[in-house]
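**Q** Just passing along the structure, written as structure tokens.
The values are calculated or read from the model by the stated rules, or taken from the named source; none is laboratory data. In this text, all values refer to a predicted model and were calculated from it rather than measured experimentally. All Cβ positions, even for glycine, are placed from backbone atoms using ideal geometry, and neighbour counts span all protein chains on display. With ligands, DNA and RNA removed, areas are computed over all heavy atoms of the protein, side chains included. Shrake-Rupley method; radii C 1.70, N 1.55, O 1.52, S 1.80 Å.
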Amino acid sequence: MERDNAVTTYAEDIIREMREDDLIDILEIENRSFISPWMRRTFEETIESPISTNSVIEINSEILGYIMLYSVEDEAHIMNLAVHPDYRGRGYASKLITRTVSCFVGKNVSEFFLEVREGNINAQRLYTKFGFKGIGKRKRYYTETNEDALLMKLSLHQ
Ligand SMILES: CC(C)(COP(=O)(O)OP(=O)(O)OC[C@H]1O[C@@H](n2cnc3c(N)ncnc32)[C@H](O)[C@@H]1OP(=O)(O)O)[C@@H](O)C(=O)NCCC(=O)NCCS
């Protein structure tokens with residue numbers, strides 16, 4: 001009997017800097033992820049900002065998710081994070097956070113902040129897994145639904 005010597009190779013995901021020509025794919029993910037999605041202009045302004053760090057995770061040139069942060073001195077603020085609905089639950093957000101946090105550690109950033117909807121339990125679980133802790137609430141932060149935001153913080157040097 002002949003042996004099947006075919007080798008199946010699986011593409012590796014890569015994390016790289018976000019570019020403006022990614023925005024069509026990113027806006028599709030954004031619109032499918034949020035009640036009040038960012039507009040294209042907000043993405044463009046954030047990419048152009050000298051204090052932002054913006055990364056995408058992709059496989060075979062297909063964008064699966066992205067993360068965007070602002071950082072000043074030793075603090076960074078996660079402004080946006082989403083994974084394509086078809087690719088959730090596979091660890092891609094975790095990879096984005098792990099890589100981003102480790103990059104910032106090299107730049108002496110020691111505190112990360114973010115706001116998350118009180119009702120967004122999946123995202124809160126994700127952040128808690130990485131050591132983020134709830135440190136307060138921003139009342140009616142999400143104006144379109146009047147929902148409160150939970151303010152979360154990760155301190156690398158406790
Ligand atoms: C939140 C989000 C980014 C998670 O992305 P993801 O790639 O699916 O996350 P991961 O696969 O890395 O999951 C990591 C952890 O998050 C939590 N989590 C993510 N999705 C979850 C779900 N559907 N149910 C329960 N926990 C979930 C779990 O703790 C999980 O760890 P585990 O797999 O060990 O249980 C994604 O669901 C998303 O894009 N949601 C819409 C946008 C959004 O809410 N962004 C965050 C705004 S603050």
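**Q** Quick test for you: out of LYS139, LYS95, LYS129, pick the one residue that is away from the ligand (no atom under 12 Å from the Cβ) and of a type in the set (D, E, K, R). Even if it seems obvious, please write down each step before you answer.
**A** On the way: LYS95 fails: away from the ligand (no atom under 12 Å from the Cβ); LYS129 fails: away from the ligand (no atom under 12 Å from the Cβ).
Testing whether each residue is away from the ligand (no atom under 12 Å from the Cβ) and of a type in the set (D, E, K, R) leaves just LYS139.
**Q** Right, another one. Scan the stretch 90-101 residue by residue and report those that are more than 11 Å from the chain's Cα centre (by Cα) and open to solvent by 70 Å² or more (accessible area, probe 1.4 Å).
**A** The one that is more than 11 Å from the chain's Cα centre (by Cα) and open to solvent by 70 Å² or more (accessible area, probe 1.4 Å): ARG90.
**Q** Also: Is it the case that the stretch 76-89 has a residue that's open to solvent by less than 30 Å² (accessible area, probe 1.4 Å), without any contact (Cβ under 8 Å) to a residue 60 or more places away in the chain and more than 22 Å from LEU150 (Cβ to Cβ)? Write out each step before concluding.
**A** Within the stretch 76-89, the first condition is being open to solvent by less than 30 Å² (accessible area, probe 1.4 Å), and the residues that meet it are 76, 78, 80-84.
Pick out the ones that are also without any contact (Cβ under 8 Å) to a residue 60 or more places away in the chain and you get 76, 78, 80-84.
Subset that is more than 22 Å from LEU150 (Cβ to Cβ): 84.
So far as the stretch 76-89 goes, yes, one or more of its residues are open to solvent by less than 30 Å² (accessible area, probe 1.4 Å), without any contact (Cβ under 8 Å) to a residue 60 or more places away in the chain and more than 22 Å from LEU150 (Cβ to Cβ).
**Q** Restricting the search to the stretch 102-114, which residues are open to solvent by 40 Å² or more (accessible area, probe 1.4 Å) and polar (S, T, N, Q)?
**A** Here is the first cut: in the stretch 102-114, the residues open to solvent by 40 Å² or more (accessible area, probe 1.4 Å) are 102-103, 105-108, 111.
Residues satisfying the conditions are SER102, ASN108.
**Q** Select the strands (runs of 3 or more DSSP E) contained entirely in the stretch 1-75, then report the ones holding at least 3 residues which are under 20 Å from VAL116 (Cβ atoms) and at pLDDT 95 or above. Steps first, please.
**A** Details: elements: 14-17, 52-59, 62-72.
Once the strands (runs of 3 or more DSSP E) in the stretch 1-75 are filtered for at least 3 residues that are under 20 Å from VAL116 (Cβ atoms) and at pLDDT 95 or above, what remains is 52-59, 62-72.
**Q** Open to solvent by 70 Å² or more (accessible area, probe 1.4 Å) and either touching a helix residue (DSSP H, G or I) at 6+ places or on another chain (Cβ under 8 Å) or of a type in the set (Lys, Arg) (or both), is that true of ARG117? Quick ask: steps written out before the conclusion?
**A** Values: open to solvent by 70 Å² or more (accessible area, probe 1.4 Å): no; either touching a helix residue (DSSP H, G or I) at 6+ places or on another chain (Cβ under 8 Å) or of a type in the set (Lys, Arg) (or both): yes.
Against the criterion (open to solvent by 70 Å² or more (accessible area, probe 1.4 Å) and either touching a helix residue (DSSP H, G or I) at 6+ places or on another chain (Cβ under 8 Å) or of a type in the set (Lys, Arg) (or both)), ARG117 does not qualify.
**Q** Now a separate question. Only residues that are open to solvent by less than 90 Å² (accessible area, probe 1.4 Å), under 11 Å from ALA149 (Cβ atoms) and out of contact with any helix residue (DSSP H, G or I) (no Cβ under 9 Å at 6 or more places or on another chain): list them for the stretch 125-137, please.
**A** Selection gives GLY136 alone.
**Q** Something else about it: Please list, ordered by first then second residue, the pairs with beta carbon atoms under 7 Å, 6 or more apart or interchain, first in the stretch 21-40 and open to solvent by 100 Å² or more (accessible area, probe 1.4 Å), second not in a helix (DSSP H, G or I).
**A** ILE35/GLU144; ILE35/THR145
**Q** Do we have PHE113 as more than 7 Å from the ligand (Cβ to nearest atom) and not in a helix (DSSP H, G or I) here? Let's see the steps before the verdict.
**A** Numbers: more than 7 Å from the ligand (Cβ to nearest atom): yes; not in a helix (DSSP H, G or I): yes.
Yes.
**Q** Any residue that is within 28 Å of GLU44 (Cβ to Cβ), more than 12 Å from the ligand (Cβ to nearest atom) and in contact with a helix residue (DSSP H, G or I) (Cβ under 6 Å, 6 or more places away or on another chain) - is there at least one of those in the stretch 62-69?
**A** Within the stretch 62-69, one or more residues are within 28 Å of GLU44 (Cβ to Cβ), more than 12 Å from the ligand (Cβ to nearest atom) and in contact with a helix residue (DSSP H, G or I) (Cβ under 6 Å, 6 or more places away or on another chain).
**Q** Tell me, please, whether a residue that is over 13 Å from the mean Cα position of the chain (by Cα) and in a helix (DSSP H, G or I) can be found in the stretch 129-149.
**A** There is at least one residue in the stretch 129-149 that is over 13 Å from the mean Cα position of the chain (by Cα) and in a helix (DSSP H, G or I).
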